Amino acid sequence: MKVGVLALQGDFREHLFALGECGVTGELVKSAEEISKIDALIIPGGESTTISKLAKSFGLFDLITKRIADGMPTYGSCAGMILVAKSILDPASGQETFGGIDMQVRRNAFGRQTESFEVDLEFKGISGAPLRGVFIRAPWVESSAPGVEILASMQVAGVSHPVAVSQGRVLATSFHPELTGDNRVHRYFLEELCKK
Ligand code: GLN
């Protein structure tokens, strides 16, 4: 299976490294030809407006949208979560998403004081020690359709907000497992979604 990491902007090298640690030789992709040949895609953290604008200007936007809709296993972290959401509560002007998960996300949801923080999370389907979540100006899931599985949530002011979800063959996390050296989320994606 060829796993591509979308290399338009953001921390794509860290995802490539995490795949390598899982024994998978990933491939950085940024052309239509490369994206046509992969079997699975990771969309990294970064800036979702920039990634969507670059995808449009390089003529990749509709192709990625179609490949995800056609069932290509896809994992988005942070900005990548925003890009696989069906809609954004507070989009930048003209900001569009590829879609893949029937949810609405709120960008920069954790507010200014806590723009970046780390917290231990329980992740459904990943056993062992809690997962260290690194949140950097992260989104959360504001609402989702019944078919969306909530894998991890965080309590903020007494309200639970999903921060890891999946639907079909698409996975999204608000946080950045590619920055921690703990590759269990990447393994989960490879084993649970890519082999579905
Ligand atoms: N806030 C960023 C966005 O809106 C996401 C930040 C990240 O990927 N670390 O795209």
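Between Ser87, Ser77, the distinction of being at pLDDT 95 or above, on the phi < 0 side of the Ramachandran plot and in contact with a Gly (Cβ under 8 Å, 6 or more places away or on another chain) belongs to Ser77 only.
I want to confirm something. Restricting to the stretch 75-87 and keeping residues that are more than 9 Å from the ligand (Cβ to nearest atom) and either over 8 Å from the mean Cα position of the chain (by Cα) or assigned to a helix (DSSP H, G or I) (or both), which single residue is nearest to Leu190 (Cα to Cα)? Steps first, please.
Of all residues in the stretch 75-87, those more than 9 Å from the ligand (Cβ to nearest atom) come to 75-76, 84-87.
Those still in the list that are either over 8 Å from the mean Cα position of the chain (by Cα) or assigned to a helix (DSSP H, G or I) (or both) too: 84-87.
Numbers: Val84: 17, Ala85: 20, Lys86: 23, Ser87: 25 Å.
Selected residue: Val84.
Of everything listed in (1) under 18 Å from Leu190 (Cβ atoms); (2) surrounded by 14 or more Cβ atoms within 10 Å (Cβ to Cβ), the single unmet condition for Gly71 is (2).
Does the stretch 94-106 contain at least one residue that is crowded, with 20+ Cβ neighbours inside 10 Å, charged (D, E, K, R) and either touching a Leu at 6+ places or on another chain (Cβ under 8 Å) or within 20 Å of Arg137 (Cβ to Cβ) (or both)?
Of all residues in the stretch 94-106, those crowded, with 20+ Cβ neighbours inside 10 Å come to 97-98, 100-101, 103, 105.
Checking the rest, the ones that are also charged (D, E, K, R) come to none.
No, that holds for no residue.
Per the conditions (1) part of a loop (DSSP other than H, G, I, E, B); (2) within 16 Å of the ligand (Cβ to nearest atom); (3) of a type in the set (A, V, I, L, M), the sole criterion not satisfied by Met72 is (2). When Thr65, Thr49 are checked against the criterion of being out of contact with any Leu (no Cβ under 9 Å at 6 or more places or on another chain), among the polar types (S, T, N, Q) and within 12 Å of the ligand (Cβ to nearest atom), a single residue qualifies: Thr49. For Arg67, the criteria (1) out of contact with any helix residue (DSSP H, G or I) (no Cβ under 9 Å at 6 or more places or on another chain); (2) over 16 Å from Thr173 (Cβ atoms); (3) basic (Lys, Arg) hold in every case but one, which is (1).
Just give me the residues in the stretch 143-175 being in a loop (DSSP other than H, G, I, E, B) and buried (at least 24 other Cβ atoms within 10 Å of the Cβ), in sequence order. Ser174, Phe175 - these are the residues of the stretch 143-175 that are in a loop (DSSP other than H, G, I, E, B) and buried (at least 24 other Cβ atoms within 10 Å of the Cβ).
Within the stretch 141-151, does at least one residue satisfy the condition of being at pLDDT 95 or above and either within 12 Å of the ligand (Cβ to nearest atom) or farther than 29 Å from Ala92 by Cα (or both)? Walk me through how you get there before you give the answer.
Taking the stretch 141-151 first, the residues at pLDDT 95 or above are 141-151.
From the residues that got through so far, the ones that are either within 12 Å of the ligand (Cβ to nearest atom) or farther than 29 Å from Ala92 by Cα (or both) too are none.
Looking through the stretch 141-151, none of the residues is at pLDDT 95 or above and either within 12 Å of the ligand (Cβ to nearest atom) or farther than 29 Å from Ala92 by Cα (or both).
The set of residues in the stretch 119-142 being assigned to a strand (DSSP E or B) and surrounded by 14 or more Cβ atoms within 10 Å (Cβ to Cβ) consists of Val119, Leu121, Leu131, Arg132, Gly133, Val134, Phe135, Ile136, Trp140, Val141, Glu142.
Filter the stretch 27-46 down to the residues that are at negative phi and small (Gly, Ala, Ser), then identify the one that is nearest to the ligand (Cβ to nearest atom).
The extreme case among them is Gly45.
Within the stretch 106-117, is there a residue that is more than 16 Å from the ligand (Cβ to nearest atom), in a loop (DSSP other than H, G, I, E, B), touching a residue at least 40 places away in the same chain (Cβ under 8 Å) and not small (Gly, Ala, Ser)? No - not one qualifying residue is present in the stretch 106-117.
Pairs meeting the criteria (first residue in the stretch 27-44 and in contact (Cβ under 8 Å) with a residue 60 or more places away in the chain, second residue surrounded by 14 or more Cβ atoms within 10 Å (Cβ to Cβ) and of a type in the set (Phe, Trp, Tyr), beta carbons under 6 Å, at least 6 apart or on different chains) are Ile42/Tyr75; Pro44/Phe12.
The values are calculated or read from the model by the stated rules, or taken from the named source; none is laboratory data. Only a predicted model underlies this, so the values are computations on that prediction, with no experimental measurement involved. Don't worry about glycine lacking a Cβ; one is built from the backbone with ideal geometry, like all the others, and counts go over all protein chains shown.
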